[in-house]
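The values are calculated or read from the model by the stated rules, or taken from the named source; none is laboratory data. All values derive from a computational prediction rather than experimental measurement. No Cβ is skipped: glycine too gets one built from the backbone with ideal geometry, and neighbour counts run over all protein chains shown. Heads up: the accessible areas ignore ligands, DNA and RNA and are worked out on the full protein's heavy atoms, side chains in. Shrake-Rupley method; radii C 1.70, N 1.55, O 1.52, S 1.80 Å.
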Amino acid sequence: MNHWSLRSRLFVLIIVPLVLVASLAAAARFVMAERMSQQLYDNTLLTVALTISRDVVLSEGDMLTEQLLDALTKALGDPVYYRIEGPDGRFVTGYSDPPPLPKFAKVESGVPYFYDAVSLGRPVRVVTMREFIAEPQFGGWVTVNVWQTMHQREALSLQLVAQAVVLMTVVVAAAALLVWFGINLGLRPLLQLREAVAERSAGDLRPIRRVVPKEVRNLVGAVNSLFARLTEAFALRDAFISDAAHQLRNPIAAIQAQAEAATTAPDEAELRKRVAELAATARRTGRLTKQLLSMEKARGRSAPDTWQAVDIGALAQDLTRRFAEQGMRGGIGVSFRVSGDARSILGDPVMLSEAIENLLDNASRYGGDEVALEVTFGPDDVAISVCDNGPGIAPDLRDRIFDRFVRGEDDGSGGCGLGLAIVRKIVEAHGGTAHFLDCQDGAMVEIRLPLAA
């Protein structure tokens, strides 16, 4: 049923219960028709029995006339048979082979007793009465048995049932037509909404402003929210692609120019110099490409469902130790310090490592010859600060320096202006903040991350 249309689903869910109710109503009607038919014919049969008993008494035991039997048969639709017995079961008049009385049947005086039986291979309905007749011919208690075949009453029951079935069928068919028309009318706003959305172009993400039923307002609101997020995401993507293309265009052009210059070097010494410049430019371009990929990775791995408990103190210590091994070869001193009660945070260890590595790399590139990393655990969050003894950052650049492709003064360090943007993206995805702090010498960047509950 999942592949059915909404129209078909609603139709089936409404009509099937209606058909079941109609079937139950027809069955109940059949039972009621049988009971009503039996009651009507039983009352008529009782009247016939009383008529026969009175006629026999008046005729002093003679059999009914053929005219009376024919009249009763025409009135009831089925043949009528009778037997009258006097006191002690003495046969008075009627037919000699009456239907047998059921076992344990108790016929009380003055109360008719009805039962079903078989006479001459045919089902019959029987009424038995015991009456006291004060008449010399009979002189006591008289038993009157009258029975009749059941063809007519069964035909009446079937006729009533057939009428009920026809009526129910007409009602269900009319209800089905009305329901189908009502469903189509009720779903018209959804169909119009579908047509309006289908007519849009692939890039048209404007909010849906149509009047819709109350039941689908939340759905339209969710779609509009999705459109808004997609619009924002596409704008960020386009801006990023534009910035990346602009940033990569110059290095690639430089590589091409330097490669062409290397082919025209007049001697080996000049060739080596030009190849060295080409290699340096290629390294800077490679770093820019890596930073761009890191930026996209930070964007794609910000979903909390992939996070885990991270020992941020141990992670920062391990990254500082590895950075110190590389910094020693470049003459950079590195220090590490932890304060407070160490606790874990909830996050992505890969992206957190990327953020701390970018802080250390940024300090080594733009700072002096000393880099210090400190981890401070507070009651609710942990602060990770990286300080250097370089020239520092001008106060008017401290907020803008976290934007993509924004750099301080060009000192020939080979930076591409994405490191701090990646840091802020990762930290904000983890519910934290990143900012510059005042420092006497150099620059200090601090990130704060909430601790795990």
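Numbers at a glance
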read-out: Contacts under 8 angstrom Cβ, first residue in region 142-169 being closer than 12 Å to ALA33 by Cβ and modelled with pLDDT under 80, partner assigned to a strand (DSSP E or B) and not acidic (Asp, Glu), 6 or more apart; value: ARG153/ARG125
read-out: Residue within region 120-127 that is modelled with pLDDT under 85 and at positive phi present; value: yes
read-out: Residue pairs meeting the criteria (Cβ under 9 Å; at least 6 apart or on separate chains; first within 21 Å of LEU187 (Cα to Cα), in region 7-34; second not in a helix (DSSP H, G or I)); value: ARG7/LEU187; SER8/MET1; ARG9/MET1; LEU10/LEU187; VAL12/MET1; VAL12/TRP4
read-out: Hits in region 1-41 - residues which are under 30 Å from THR93 (Cα atoms) and either touching a Gly at 6+ places or on another chain (Cβ under 8 Å) or surrounded by fewer than 16 Cβ atoms within 10 Å (Cβ to Cβ) (or both); value: GLN39, LEU40
read-out: Residue within region 404-419 that is at pLDDT 75 or above, open to solvent by less than 60 Å² (accessible area, probe 1.4 Å) and of a type in the set (A, V, I, L, M, F, W, C) present; value: no
read-out: Single match in PHE240, PHE234 (criterion: at pLDDT 75 or above, surrounded by 11 or more Cβ atoms within 10 Å (Cβ to Cβ) and under 51 Å from the mean Cα position of the chain (by Cα)); value: PHE234
read-out: Residue in region 383-401 that is at pLDDT below 85, surrounded by fewer than 17 Cβ atoms within 10 Å (Cβ to Cβ) and within 20 Å of GLY331 (Cα to Cα) present; value: yes
read-out: Counted residues, region 268-285 - those being open to solvent by 80 Å² or more (accessible area, probe 1.4 Å) and either under 25 Å from ALA244 (Cα atoms) or outside any helix (DSSP H, G or I) (or both); value: 3
read-out: Breaking point among (1) of a type outside the set (Lys, Arg); (2) within 20 Å of ARG284 (Cβ to Cβ); (3) part of a loop (DSSP other than H, G, I, E, B), for VAL211; value: (2)
read-out: Filter result for the condition that a residue is open to solvent by 90 Å² or more (accessible area, probe 1.4 Å), out of contact with any Cys (no Cβ under 8 Å at 6 or more places or on another chain), not in a loop (DSSP other than H, G, I, E, B) and not basic (Lys, Arg), over ASP97, ASP88; value: ASP88
read-out: Count of residues meeting criterion [in contact (Cβ under 8 Å) with a residue 60 or more places away in the chain and either in contact with a Cys (Cβ under 9 Å, 6 or more places away or on another chain) or surrounded by 14 or more Cβ atoms within 10 Å (Cβ to Cβ) (or both)] in region 308-345; value: 6
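Results for (1) hydroxyl-bearing (Ser, Thr, Tyr); (2) open to solvent by less than 70 Å² (accessible area, probe 1.4 Å); (3) assigned to a helix (DSSP H, G or I), shown as yes or no for each residue.
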position: GLU195; (1), (2), (3): no, no, yes
position: ARG200; (1), (2), (3): no, yes, no
position: VAL216; (1), (2), (3): no, yes, yes
position: SER225; (1), (2), (3): yes, yes, yes
